[in-house]
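So the structure is just underneath, and the comments pick up after that.
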Amino acid sequence: MDPYPKPLRDLIFQLKRLPGVGEKTATRLALFILADREDFAGELAGALTAVRDAIRLCSVCYNLADMPKCSICQDPSRDHSMICVVEEPSDVLALESAHAYKGLYHVLHGLISPMNGVGPQDIRLPELMERLSKTQVSEVIVATNPSVEGEGTFHYIAKLIEERNYPVRVSRIASGIPMGAEVKYMDQVTLASALRYRRNVKDR
């Protein structure tokens, strides 16, 4: 017999749908929401509704925004000659937290994956090509993950840009063995990536 009333059980079930949240964590969160006396449940519901209703995709880069254009695309201080291509909006947040990149972004919302039936037309790749045809961009930095799909998407983008004769330099973010790690513990993809993107000592 279930010890929890149905509304509470339904809340636990919904919380379990969140990534990384199991039964125990969902139960603890649900009981916290229930026990709170400062209307946290109402404020949370309001925030969730606002996110659902207000958040959209930027009409330029397809990052998350609450206006037609995201704050990065609207920022006149950004370098509009550079576009960093990423897989998901969370990648934009990660790169911005490093405070090392001052250009614009383009979010693909996926990677080319023939095994999973995802082709170039299923992600925001046509929009990237259209964007490059209409703007003065000198460099496209592909910052997809060093996976089979990430590498394949990078090569496809580079091929498209070359075929269309866009005067754009295509670069790939460096990837490989992280600082402090040991070679013997690295997986094959990481080692292959480290070798592929090796640098000459004169480039340091």
**Report entry** Any hit, the range 99-112, residues being surrounded by fewer than 16 Cβ atoms within 10 Å (Cβ to Cβ), not aliphatic (A, V, I, L, M) and not in a loop (DSSP other than H, G, I, E, B)
**Finding:** no
Query raised in the report: Scanning for something at pLDDT 95 or above and either closer than 30 Å to HIS155 by Cβ or hydroxyl-bearing (Ser, Thr, Tyr) (or both), does the range 29-49 turn up at least one residue?
Result: no
Report task. State whether the residues of the range 34-50 include one that is exposed (fewer than 13 other Cβ atoms within 10 Å of the Cβ) and within 18 Å of LEU108 (Cα to Cα). Result -> no
Report summary line: When VAL85 is run through (1) assigned to a helix (DSSP H, G or I); (2) under 30 Å from ARG169 (Cα atoms); (3) of a type outside the set (D, E, K, R), the failure sits at (1)
Query raised in the report: Quick check: is even one residue across the range 147-155 assigned to a strand (DSSP E or B) and either under 21 Å from SER193 (Cα atoms) or within 15 Å of the chain's Cα centre (by Cα) (or both)?
Result: no
Requested in this report: Hey, can you tell me all the residues within the range 164-187 that are of a type in the set (D, E, K, R) and either farther than 18 Å from ALA98 by Cβ or loosely packed, with under 12 Cβ neighbours inside 10 Å (or both)?
Outcome: ARG164, ARG169, GLU182, LYS184, ASP187
Report task. Find all pairs meeting these conditions: Cβ atoms under 6 angstrom apart; at least six residues apart or on different chains; first residue within the range 113-138 and in the same structural domain as TYR166 (by TED's automatic domain parsing) and part of a helix (DSSP H, G or I); second residue surrounded by 15 or more Cβ atoms within 10 Å (Cβ to Cβ) and not hydrophobic (A, V, I, L, M, F, W, C). Result -> LEU128/HIS106; LEU132/TYR166
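The values are calculated or read from the model by the stated rules, or taken from the named source; none is laboratory data. Fair warning: this is a prediction, and the values are worked out from it, not measured in the lab. When we count neighbours, we look across all protein chains shown, and the Cβ atoms used for this are built from the backbone with ideal geometry, even at glycine.
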